[in-house]
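Contents: one structure, followed by commentary.
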2 protein chains.
Amino acid sequence: MSAGKRIVILGGGFAGVYTARALEKRLQPDEASITLVNRENYFVYQPMLPEVISGSIGITDIVSPIRLLCPRTHLVMREVEEIDLGRRVVTVSPGFHPRRLELPYDHLVIALGGITNFYGMPGMFEHALPFRTLVDALTLRNRVISCMEEADVERDAGLRRRLLTFVVGGGGFSGVEVIAELNDFVRAVARRYRNIPAGEIRCVLVHSGERILPEMDPALAEFAQRLLAKRGVELRLKDRLVAATSEKAILKTGGDIPAKTIVSTVPSAVSPVLRQLECAKEKDRLLVNGHLEVQGQEGVVWALGDCASIKTAAGNVAPPTAQHATREAETAAHNMAAVIRGGSKTVFAFEGLGKLGALGHNSAVAEVFGFKISGLLAWFLWRSIYLMKMPGLNRKVRIAADWFIALLFPPDLVQLSLRAEGGILEQHFEPGEVVFHQGDVGDCVYVIRKGACDVLRMNGEQEHLLATLGPGEYFGEMAVLSGHGRNATVRAQTAMDVLLISKADFDQLKSNVPAFGDVFSKLAASRAQR
Amino acid sequence: MSAGKRIVILGGGFAGVYTARALEKRLQPDEASITLVNRENYFVYQPMLPEVISGSIGITDIVSPIRLLCPRTHLVMREVEEIDLGRRVVTVSPGFHPRRLELPYDHLVIALGGITNFYGMPGMFEHALPFRTLVDALTLRNRVISCMEEADVERDAGLRRRLLTFVVGGGGFSGVEVIAELNDFVRAVARRYRNIPAGEIRCVLVHSGERILPEMDPALAEFAQRLLAKRGVELRLKDRLVAATSEKAILKTGGDIPAKTIVSTVPSAVSPVLRQLECAKEKDRLLVNGHLEVQGQEGVVWALGDCASIKTAAGNVAPPTAQHATREAETAAHNMAAVIRGGSKTVFAFEGLGKLGALGHNSAVAEVFGFKISGLLAWFLWRSIYLMKMPGLNRKVRIAADWFIALLFPPDLVQLSLRAEGGILEQHFEPGEVVFHQGDVGDCVYVIRKGACDVLRMNGEQEHLLATLGPGEYFGEMAVLSGHGRNATVRAQTAMDVLLISKADFDQLKSNVPAFGDVFSKLAASRAQR
C-alpha cells in the first residue's frame, strides 16, 4: 500500500471498471492506492450478453478479467455487505475463511449497478429468470437446452408445448435483444431434434407499452416489431407479467401463457446495501450533484452508473447505458483527482451519441448522429461499434474470430451445467395446479409456507379427497422414505408457496439430525394408515 | 420409431458415440432405431480436457453436441438407473417431470466408462477433486482462480501458502497432463496478482511408482520428469494420497502437504449401475469375448470402453484409451450389424498405434511406430494428431483458432461459477484441526457424523474447554441464530466427519419446519448459559 489516499470502488461494471482505469491514468501510485470490490473477478461486456444464449460468442470472451483491465488496481473478489459513511469503512463478505474484511477509505466510488426485483409478483422469484449477469445468461441458455432435450422425449403433448414456449417480459433494449436471440437460437437448433415440430415452438414478448423499444423513434420500433413478428415472435403489447408458476406466466389483463421458461428483464432496483444507506436518494437511487458527488459527502463519496440518479448539465436524466457510465467514470475520476491534487471539478455534460438495438440474425435498429438506420447496415454498425468499444485487443481478436466462425457453422447446443441442483428451493403454485401425480417418482419433500392443497387418491377417473393441508404442513415424504412412487396426487387449492427439500438433502438430514427424521417418520406412519 | 431392431447405447464417451456413428453408417433407418443415453447432451474430447484448466481452448470447444455427431441417433439426456438383462429393459432417471422412463431394447451396448472412487480414503470424497468430466475440469479451474484471488488478500502467511499449493495424485498420462497445465497456468497468471510472490507457489505431483508415466519408455519418462522439475513441479515418487482435509493432503509414508487444492486422477472404478449387474466380470469390469459380447448375453449385449475387460486377439489387455475405444466401437457395430442382417462377426484385434503425453507449454513425449520423440516435435505431433482426430470440421476450426489466439495472448483468469454453493455439504477434519475460530462469521451449522470435537473458549492465549461433542451432536448454530460471530473455537479431537448446513438452508428449515427449529433453539438457549 502506498502512503497516498485510499480510493475504494464498489462494483465492477462499466462505471466501476472505467473509473479505476481513468484513475490509473490520472494519479501516480504514490498519490493514491485504488481498490475495487466485485463479486466476480471479471467485467461483463453487457451489450453482448444476449449472444451468450446462442453461443455465437465464446462464453468467456464476453467477459474480461478485471486484473487485466486495471493492472494497478487491487481487486477484492467479495460481496459488499455494509457501507459506513460515518467511519468511512466498507465491510465485505467472508471468503474461504469465515472472517469479515474491513476496507477503510478516503474516497469512495459507489457503482453497484442494479438488481432485478420481483417483489410483489407471486412466483416470479421462484420461476422467472432474470437477465443481468453472465450467470443469468448461462442459466437461461442451459434452461432452453434442457427444455429442448425434454421436449424431444416427452409424450404428453401439453407438457411438450409448455417446454417449447419461451416468454420474455419487458420490451426495452434488453428484452428485445433477448427474445430476438432466443427465438433465433431455438428455431435453429430445433432442426437437430427428431421429435420437435417447428410449429410447436412459441416465443412471446410481453411489453406494457403500446410499442416496443420506447427509447427509440416510432418508425424504428415498428420496423423491429415487423421483423420480430416475421421471424415468429409473438408480441403481447399493453400487458405485463404479474405472476408465475412452474407451468405458466400470468398476465395483468387476466390471461396466462403456459410455459416452462419465463425471463424478465424488468423491474430494476438498487442493491440491498444501498437501500440501507442513509443519504439523499431519488426513487431509491443515490442522488448526486453535477460533479457526481453524493449529497452531504462532497469530496468523499461519488456515485455513478445505474445505482445513481444523475442529471446532465442541460438538466436531462442520464439513462442507464454503457456509453453514459463510461463518461460518468471519466467525470468522477477527473473530480477525484482534482480533490486529491487540487484543481477545479467538472460537471457531467454528456448527452449520448446515439442508440443501438440488436434484433438477432443480421439485423438491428440504430439512431446515430440524427440518422435512423435499420436492417443489415444497422447490424453491421452495431457490431463495429461494440467491437471497437470492447476493452483490450485480446478480446477484440477473440470475438472477431467467434463471429467469423459463427458465420460458417450453425449454433451449438452444448449444455454447460456446473453442478447438480442442490439446496432448498422454493416453488409457487396457482389454484388448481397439480404439484405431483399419483405414481410419479418421489424426488423431494414439500413444506407449505403459504396457502393450502388437496391430497387426492385417484381410482381411474375418480378422485377421493384424503386430506387438505395448510401452512407449516409437509407432504411428499412417504414416497421419499419408501423409495416407491407417489401414492396420491397433490393439487393446490389456493395460491400456494412451498419449500422443496431434495431427496439427497432430506436423506442426509433424516439420518443425521434425529429430531428431523423423527418428525417425518411419525407423520409417514400415521398417514400410511389411510 | 422404425419397425426394425431397437438398439440402446449407454454412455456418450468415445466408445458409445463412435458405436452410434458406426451403426448409422452400417444400418438403414428401417433396419434399426438407435437410442443413446447420456447424462449430458455433449461428448467430451478427453485428450484435450486438461487444456480447460488454462482456458487455452474455449470451454465449449472441447465438447461436441452428440446430436451433431450422431444425427440419426435418438439422444436421451438422463442418468441410467437400472439395467434389467432378463426383461431387456433399461430404466433411466426422471427429468423435468418426476416420471421414470423405460427403454426396451433388442440389442444393448454398455459403454458407461469409469468413475473416480475414493472409497476407504478419509476426506478424499469431501476435499479432493476428481478429473474426469468437463465439470471436473471447470471446477478445478474455478478453484485455482479462487485460491489465487484469496491468496492475494490473505494476510495469514500459513493460509496463503496453503492457498498457493496444488497437489495432484497419480503420475499416469492424466495426472501428468493435469499437473503440467496447472503449473503453467498458475505461474503465468500469478504475475497479474500484486501480492502473490512466485516463490510461494507449489505444484506437487504424487505418484506411487518409481517413475511417472509407467506406460512409456523409461527414457521418455525421465525426460518428462526433468522437464516438469525444471518448470517448478515437485515430484513425490513412491508415495500416494491416502486422506485429505480442507487444509492438507495426507500421504501414505506418513507426511502431509498443507494445501487447499487436491486433485486425484486415481483410482478408477465402474459405475454403481454396473456393480449391481449380475453377469461375468473381472475386477468389477464386464467380461467380454473377442466379439465384445457380454458372457451369457451373446448377440444381445455388448460392452466396451473403460467399463469392459477386453483382450485383443493376440491376448493383450486393451488399455482404456481413446484410440482403443473407437476401434472397439467399430468392432461392436460390425458384429451387431452381422447379428441383425446375418453375416460373420469379427474379433477385436487392434494393438494400438502409439502413445502420446502432453507436458504443457510446447512440450510432449511420444512413442509412435517404434520412434521415441520428446520436446517440441512431440508436442507438435500431439496437437496435429488430436486435432485431426477431433470429430467435426466445426470443432477443428474452433480449436485451431483457439490455439492460434492462445499463442498471441497470455492465459485468461476469468472465473466462471454458475451458482452459489448450496445444499448440504460434507467435510472431514484430522485430529487437532480447527473447524472455526472464536470471532469468525457464522455461515453454517455443523452436524457430527463420526468422531468428536472440543469446544473451546479463548481468553487471549488461554483455552477453556466448554464441552466435547460426539456423533449426532450439532454445533455452530448459535452464531447462525444470533447473527453475531462464533463465541467459541471448535477443534477436532479425533478424525471427524461433519455435515454442513448453510445459513440460507438452515434459516429456511428453521422457519418452516417447526420441529427442526425447536431442536436448535432449545439447544442454543441451554448453551447460552455457559
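The values are calculated or read from the model by the stated rules, or taken from the named source; none is laboratory data. Worth saying up front: this structure is predicted, and the values here are computed from it rather than measured. Every residue, glycine as well, gets a Cβ built from its backbone with ideal geometry; the counts of neighbours run over all protein chains shown.
Note on the stretch B:116-129: residues that are within 27 Å of residue B:277 (Cα to Cα), part of a strand (DSSP E or B) and within 14 Å of another protein chain (Cβ to nearest Cβ) amount to 0.
Taken over the stretch B:58-72, residues that are more than 24 Å from the chain's Cα centre (by Cα) and more than 9 Å from chain A (Cβ to nearest Cβ) amount to 1.
So in the stretch A:448-476, with the set limited to residues that are part of a strand (DSSP E or B) and in contact with a Pro (Cβ under 9 Å, 6 or more places away or on another chain), which one is surrounded by the most Cβ atoms within 10 Å (Cβ to Cβ)? My answer is A:448. Within the stretch B:242-251, one or more residues are of a type in the set (Ser, Thr, Tyr), over 15 Å from residue B:177 (Cα atoms), crowded, with 16+ Cβ neighbours inside 10 Å and modelled with pLDDT under 95. Considering the stretch B:152-189, the residues that are part of a loop (DSSP other than H, G, I, E, B) and within 14 Å of chain A (Cβ to nearest Cβ) include one that is surrounded by the most Cβ atoms within 10 Å (Cβ to Cβ), namely B:164.
So is residue A:123 surrounded by fewer than 20 Cβ atoms within 10 Å (Cβ to Cβ) and over 15 Å from the mean Cα position of the chain (by Cα) or not? Steps first, please.
On the way: surrounded by fewer than 20 Cβ atoms within 10 Å (Cβ to Cβ): no; over 15 Å from the mean Cα position of the chain (by Cα): yes.
When the stated conditions are applied, residue A:123 does not pass them.
Apart from one condition, residue B:401 fits all of (1) modelled with pLDDT under 85; (2) surrounded by 15 or more Cβ atoms within 10 Å (Cβ to Cβ); (3) part of a loop (DSSP other than H, G, I, E, B); the exception is (3). Only residues that are within 13 Å of chain A (Cβ to nearest Cβ) and either assigned to a loop (DSSP other than H, G, I, E, B) or of a type in the set (Val, Ile, Thr) (or both) were counted across the stretch B:20-34, and they come to 2. Looking across the stretch A:136-167, the residues that are over 20 Å from residue A:179 (Cα atoms), without any contact (Cβ under 8 Å) to a residue 40 or more places away in the chain and in contact with a Leu (Cβ under 8 Å, 6 or more places away or on another chain) come down to A:150, A:154.
Determine, yes or no, whether residue B:172 is under 16 Å from residue B:49 (Cβ atoms) and modelled with pLDDT under 95. Spell out the reasoning first.
On the way: under 16 Å from residue B:49 (Cβ atoms): yes; modelled with pLDDT under 95: yes.
Spelling it out, residue B:172 is indeed under 16 Å from residue B:49 (Cβ atoms) and modelled with pLDDT under 95.
If the condition is being at pLDDT 70 or above, touching a strand residue (DSSP E or B) at 6+ places or on another chain (Cβ under 9 Å) and more than 7 Å from every other protein chain (Cβ to nearest Cβ), then the stretch B:404-428 contributes B:425, B:426, B:427, B:428. When the stretch A:464-476 is limited to residues that are in contact (Cβ under 8 Å) with a residue 12 or more places away in the chain and more than 11 Å from chain B (Cβ to nearest Cβ), the one that is nearest to residue A:507 (Cα to Cα) turns out to be A:475. On inspection, residue B:490 qualifies as under 33 Å from the mean Cα position of the chain (by Cα), buried (at least 17 other Cβ atoms within 10 Å of the Cβ), of a type in the set (Val, Ile, Thr) and outside any loop (DSSP other than H, G, I, E, B). Residues in the stretch B:494-528 that are buried (at least 16 other Cβ atoms within 10 Å of the Cβ) and part of a loop (DSSP other than H, G, I, E, B): B:495, B:513. Give just the number: which of (1) aliphatic (A, V, I, L, M); (2) not assigned by TED's automatic domain parsing to the domain that holds residue A:83; (3) not in a strand (DSSP E or B) does residue A:366 not satisfy? With (1) aliphatic (A, V, I, L, M); (2) not assigned by TED's automatic domain parsing to the domain that holds residue A:83; (3) not in a strand (DSSP E or B) applied to residue A:366, the lone miss is (3). Checking each residue in the stretch B:35-57 for being hydrophobic (A, V, I, L, M, F, W, C) and within 11 Å of chain A (Cβ to nearest Cβ) picks out B:37, B:43, B:44, B:52, B:57.
Just one of B:132, B:88, B:78 is more than 7 Å from every other protein chain (Cβ to nearest Cβ), surrounded by fewer than 23 Cβ atoms within 10 Å (Cβ to Cβ), on the phi > 0 side of the Ramachandran plot and touching a Leu at 6+ places or on another chain (Cβ under 9 Å); which is it?
Exactly one of B:132, B:88, B:78 is more than 7 Å from every other protein chain (Cβ to nearest Cβ), surrounded by fewer than 23 Cβ atoms within 10 Å (Cβ to Cβ), on the phi > 0 side of the Ramachandran plot and touching a Leu at 6+ places or on another chain (Cβ under 9 Å), namely B:88.
Every condition in (1) in contact with a Cys (Cβ under 8 Å, 6 or more places away or on another chain); (2) of a type outside the set (Asp, Glu); (3) free of Cβ contacts under 8 Å to residues at least 40 places away in the same chain holds for residue A:67 except the one numbered (1). If you go through the stretch B:190-222 and keep only what is under 24 Å from the mean Cα position of the chain (by Cα) and in a loop (DSSP other than H, G, I, E, B), you end up with B:201, B:207, B:208, B:209, B:211, B:212, B:213, B:214, B:215, B:216. For the stretch B:190-230, the set of residues classified as surrounded by fewer than 16 Cβ atoms within 10 Å (Cβ to Cβ), within 14 Å of another protein chain (Cβ to nearest Cβ) and charged (D, E, K, R) consists of B:191, B:194, listed by residue number.
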